[in-house]
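Each remark here refers to the structure printed beneath this line.
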Amino acid sequence: MKHTSTWPARMPAVSKVVGRNARRREGPEKLCGVAKYVDDYALPGCLFGATLRSTIACGRIRSVTLDPAFPWHEYVVATADDIPGANYVALIENDQPLLAKDRVRHLMEPILLVAHPVRAKAYAALAHVRVAYEEEAPLLDPEQSKTVFKSFHIERGAIERALADADVVVEGEYHLPHQEQAYIETNGAAAWFEKDGTLVALGSLQCPHYVVKALKAAFGLPEEKLRVVQAVTGGGFGGKEEYPNVICAHAGLLARKASRPVKIIYDRHEDMAATTKRHPAVIRFRSGATRDGRLVAQDVEILMDGGAYVTLSPVVLSRGTLHATGPYDCPNVRIRSRVVMTHTPPNGAFRGFGAPQTLFAAEMQMERLALKLGMDPLAIRRKNAVQAGSTLPMGQTLRESVGARQALEACVERSAYTRRARECARWNRSSKRPSWRGIGLALVHHGAGFTGSGELYLGSRAAVTLTRDGELRVLSGSTEFGQGTTTLFSQIVAETLCVPLELVTVETPDTARVPNSGPTVASRTCMMVGRLLREAALELKAAVTAGKARFPATQPTLKTAARRLCGEAEARRFEAVYRKPDWVSWDDKSYTGDAYEAYSYGAMAIELEIDKATFETAIRGVWIAADIGTVIHPLFAEGQVIGGATQGLGYALLESTVYEGGVMKNARFTDYTIPTTLDTPRMDVVFVPSPYSLGPFGAKGVGELPMDFPAPAVAAAVRHAIGRFVDALPITPERIARALAKDAAA
């Protein structure tokens with residue numbers, strides 16, 4: 001599928017590596033099929049694990065019985081009683097049991113583990129375990145839930161007075177569904193104990209140090225007796241942020257009891273039915289504006305469904321709350337949000353985590369205001385988009401690197417938005433046409449890094465090592481799972497030291513060898529960890545050059561300098577630790593201040609066509625403009641934008657999760673439809689960088705941003721095409737038909 005991308009001519013004058021399309025470091029291994037995913041490892045004496053899961057959504061476990069006629073002597077069985085430490089999954093809260101013992105709170109909750117040398121036999125054994133329950137009525141409607149995992153209240157100005165004084169007020173209610181991460185490789189892990197008692201976990205994962213924390217609690221071992229290694233990982237999108245805590249611990253329990261390595265690899269159905277999803281949400285909105293389109297009030301109420309346990313719900317709700325009014329100036333804002341418990345499998349992180357839900361609502365409110373005022377949707381966005389000096393609802397004044405308006409104008413220009421809008425209107429005026437056509441806009445922002453004091457709490461570390469043999473090695477806990485982290489880190493260090501890219505290697509994330517750089521999430525890897533690596537590389541450079549003009553740029557000269565620097569030591573390590581910028585101020589109690597150091601901005605225009613007979617939607621064109629600061633690797637950035645936008649289009653149009661009795665019924669790719677390459681339209685991508693002074697060479701985050709704009713752009717285009725709002729995702733032919741029928745009946 002052909003796509004086009006434009007990279008501006010202006011680049012930092014120092015650039016020799018940054019801003020260029022360096023070859024993907026792990027690409028050849030993946031291309032040639034020699035990259036080793038967790039299931040590719042041949043572990044001597046390895047057993048294969050399977051998980052017995054709850055068949056009810058809520059109730060007490062009365063008994064667990066093993067069939068006495070079954071040859072259990074061939075198997076290893078582990079229950080909650082075999083956990084040597086605490087029976088919980090250590091994360092934000094310790095409410096989720098590693099294995100249910102007394103009661104269950106959702107269908108597919110793990111109760112018991114079985115292992116056997118033959119994988120098929122391990123799964124077959126599950127049919128010979130009987131669990132007797134005392135079933136209770138499950139709570140499946142978040143609107144009825146009284147158990148609040150987390151809530152926020154942000155208020156600025158006088159919201160009720162501003163709404164009363166506004167020339168126009170529009171209201172909307174928006175329903176956002178679950179979404180499956182749909183990574184290519186399912187969740188998988190292996191575990192074993194070394195002779196010295198060290199527990200080693202090898203897994204498909206995003207955050208190895210998260211797993212260390214979970215294993216420490218479950219096994220009661222000190223951190224020096226825990227080692228977590230990332231295998232090559234076939235995609236994550238947030239779905240492998242915290243769930244590996246569970247599967248690695250399960251493999252470890254079986255390995256401890258068997259005294260042999262154990263591997264657990266989920267099949268697709270188990271992975272989709274049992275693991276975390278995007279949080280469903282109901283968002284209610286009131287927006288007020290003046291007659292000329294100036295926003296004066298935004299009143300938002302957010303309800304998210306967290307599922308049975310807390311997992312990462314607080315940080316998902318936080319980001320959704322902080323992005324809830326979009327990238328727009330507004331003096332009077334109130335945001336009330338909560339995430340609650342239901343008896344469904346826990347929800348967790350998914351690309352954008354919270355922002356795609358609330359930004360959809362914010363953008364649809366702009367569409368409603370434009371319609372009410374008789375304005376073009378572009379005009380109202382132009383009037384209200386943030387710029388340097390704007391103040392956000394939590395009181396943050398935007399200081400620098402604010403490319404919202406630049407992204408909007410670039411998108412409008414490249415899409416010929418105004419001309420296409422006129423053409424669509426002319427097309428729709430003819431009753432003889434077989435379809436309706438529409439074009440929609442969306443403008444979004446996304447904070448890079450963790451919220452408020454989150455980065456300070458993490459205290460992330462990253463290092464650069466120079467060995468006596470002249471090898472430059474990057475040490476970071478940040479993981480590569482397809483987004484290009486390994487290559488980006490090499491580029492940042494090579495550019496800083498002014499050496500060829502080939503002289504820099506990146507250590508495999510292994511908690512015994514690399515520092516804790518924080519989780520590989522939240523569009524923080526390039527901006528936050530990349531900054532630490534640049535600082536560490538600068539310290540190394542100063543130590544090697546000792547006032548000389550140039551760092552050695554060839555292997556022989558670097559080796560000579562390394563031996564002089566290292567002396568008798570095998571290597572010298574230079575480590576940088578996150579330091580909060582002086583101007584960043586955040587109050588967790590009032591939830592006010594500088595929520596993020598910097599924001600990325602993006603705009604999308606999308607033209608689509610809706611068949612009048614079948615109500616099927618066909619995309620005719622997609623145009624995207626993004627400000628992600630300096631672009632370190634243009635091709636990777638383009639790939640991130642196209643990949644994220646494709647996931648967003650799936651969220652908008654195709655991906656319908658069907659829940660029945662508290663569990664996903666369509667947990668397979670035969671009836672959970674995701675976009676393929678044949679469904680992906682041509683995308684025109686342009687970057688309009690506004691460099692951030694504290695990002696490495698001016699870079700900001702890119703990974704989360706492109707998930708935010710497709711759904712509202714699609715919904716706006718549908719409204720333009722049929723003259724009706726569809727306020728629930730996905731926008732299927734059935735929902736379009738109902739919207740038309742409802743208005744016709746009215």
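Using 0.36 nm per residue, how much length does the chain from E301 to R399 gain when fully extended, once their Cα-Cα distance is taken away?
Taking E301 through R399 to full extension adds about 32.5 nm, to one decimal.
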Which order, highest average first, do 104-110, 26-32 follow once you tally other Cβ atoms within 10 Å for each residue and take the mean per peptide?
104-110, 26-32
Given R₀ = 22 Å, FRET efficiency for K612-L371 by Cβ-Cβ distance, to 0.05?
0.50
Packing-based order for 557-565, 629-637, 205-213, using average beta carbon neighbours within 10 Å, highest first
205-213, 629-637, 557-565
Extended-chain gain in nm, criterion 0.36 nm per residue less alpha-carbon gap, R382 and A86:
101.1 nm
Could you grab the relative contact order for region 594-718? Cα pairs under 8 Å, six or more apart, rounded to a whole percent.
39
S453 paired with E93, simple spin-label distance in nm, labels 7 Å along Cα-to-beta-carbon
2.0
In region 217-243, which residues have a backbone nitrogen under 19 Å from the label point lying 7 Å from K195's Cα in the Cα-to-Cβ direction?
225-227
In nm, give the distance between the simple-model label positions of H269 and A416, each being 7 Å from the Cα along the Cα-to-Cβ direction.
5.1
Would you please state the base-10 log of I(q)/I(0) at q = 0.04, 0.08 1/Å for the chain, with intensities from the Debye formula using one equal scatterer on every alpha carbon?
-0.16, -0.66
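Counting other beta carbons within 10 Å of each Cβ, put H116, H720, H128, H445 in order, fewest first.
Details: H116 19, H720 23, H128 16, H445 27.
The fewest-first ordering by Cβ neighbours comes to H128, H116, H720, H445.
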Mean Cβ count within 10 Å, highest first, over the residues of peptides 583-596, 684-697:
684-697, 583-596
For region 460-577, averaging the sequence separation of alpha carbon pairs under 8 Å that lie six or more residues apart and dividing by its residue count, the contact order in percent is 42
Could you pull out every residue, at least 5 positions away or on a different chain, whose amide H is within less than 5 Å of the one on G59? Hs are placed 1.01 Å off N in the peptide plane, and Pro or chain starts have none.
V104, E136
Rounded to the nearest 0.05, what FRET efficiency do H175 and R103 have when you use their Cβ-Cβ distance and R0 = 30 Å?
0.50
Report the gain in length on full extension from D141 to A553: 0.36 nm times residue separation, minus Cα-Cα distance, nm rounded to one decimal.
142.1 nm
Taking alpha-carbon centroids only, region 308-341 lies from region 130-194 a number of Å equal to 10
Cut-off is 10 Å between beta-carbons; in what order do S204, S490 appear when sorted fewest neighbours first?
S490, S204
Separation between Cα centres of region 648-687 and region 621-638, rounded to whole Å:
23
Output wanted: per-residue J couplings in Hz (rounded whole) for region 623-636, from phi through Karplus 6.51 cos²θ - 1.76 cosθ + 1.60, θ = phi - 60°, x for Gly and Pro.
10, 10, 10, 9, 9, 10, x, 5, 8, 5, 9, x, 5, 5
Taking 1 over the mean of 1/r across every pair of different Cα atoms in region 460-577, what Kirkwood radius in Å do you get?
14.1
For region 255-260, in residue order, the Karplus 3J(HN,Hα) values (coefficients 6.51, -1.76, 1.60; θ = phi - 60°; whole Hz; Gly and Pro = x) are 5, 5, 6, 8, 6, 8
State, to one decimal in nm, how far the label point of E471 lies from the label point of D165, with both points 7 Å from Cα in the Cβ direction.
6.7
Here region 365-377 yields Karplus 3J(HN,Hα) values (6.51, -1.76, 1.60; θ = phi - 60°; whole Hz; Gly and Pro given as x) of 5, 5, 5, 5, 5, 4, 5, 4, 8, x, 9, 6, x
Efficiency by 1/(1 + (r/R0)^6): what FRET value for E502 and L31, r their Cβ-Cβ distance, R0 = 22 Å, to the nearest 0.05?
0.75
Among bridges DSSP assigns within the chain, what percent are antiparallel (round to 5)?
75
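Read-outs: derived from the displayed coordinates by stated rules, not from any lab. No experiment lies behind these values; they were computed from the predicted model shown. Every residue, glycine among them, receives a Cβ derived from its backbone with ideal geometry; neighbour counts consider all protein chains shown.
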